[in-house]
Amino acid sequence: MACLNLALGFMHELGIATSILECVQAEANRRPGARITKVGVKIGELAGVDVDSLQFGFEAIIKDTGLEGLVLAVESIPRVQRCPKCQHEFRMTDYDPQCPHCGEFATQCISGEELDIAYMEVDE
């Protein structure tokens with residue numbers, strides 16, 4: 001979902017948690033009487049997000065609110081490269097972009113930069 005607003009600066013993860021909750025609230029407002037119980041996010045390893053800090057900030061923000069009990073499920077997305085020469089896709093490790101299949105160095109990152117809401121579970 002496109003409504004995630006990256007909050008740069010000192011409280012990066014708290015800003016992300018706030019943006020996730022704004023999206024949850026917007027969805028709840030579109031569904032009167034419904035209760036959102038879980039929100040799933042995809043976070044790439046290159047997104048620069050500390051998942052533990054995000055979880056902590058998320059739980060702190062919803063404490064003693066109508067959203068208390070809302071579950072944040074995080075799916076970590078690995079960095080995957082694609083070789084333009086042989087089209088082989090591989091997980092990049094040790095900061096080595098070289099294609100293990102053909103040896104090409106100029107590979108392209110095709111995943112690992114995600115920071116997206118993937119789904120919301122709703123009780124209607």
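The values are calculated or read from the model by the stated rules, or taken from the named source; none is laboratory data. For clarity, every value in this text was computed on a predicted model and none was experimentally measured. All Cβ positions, glycine included, derive from the backbone under ideal geometry; neighbour counts span all protein chains shown.
Values as computed for the structure displayed
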item	result
Scope segment 106-120; condition of a type in the set (S, T, Y) and assigned to a loop (DSSP other than H, G, I, E, B); matching residues	T107
Scope segment 31-57; condition over 14 Å from E114 (Cβ atoms) and either free of Cβ contacts under 8 Å to residues at least 60 places away in the same chain or of a type in the set (S, T, N, Q) (or both); matching residues	P32, T37, D50, D52, S53, Q55, F56, G57
Residue check, C109 farther than 27 Å from G15 by Cβ and touching a residue at least 12 places away in the same chain (Cβ under 8 Å)	no
Selection status of G57, within 15 Å of the chain's Cα centre (by Cα), surrounded by 17 or more Cβ atoms within 10 Å (Cβ to Cβ) and of a type in the set (G, A, S)	yes
Near pairs, Cβ below 6 angstrom, 6+ apart or cross-chain, from segment 65-92 (surrounded by fewer than 17 Cβ atoms within 10 Å (Cβ to Cβ)) to any residue that is part of a loop (DSSP other than H, G, I, E, B) and acidic (D, E)	P78/E45; K85/E104
Qualifying positions in segment 106-124 - small (G, A, S) and either under 21 Å from the mean Cα position of the chain (by Cα) or modelled with pLDDT under 95 (or both)	S111, G112, A118
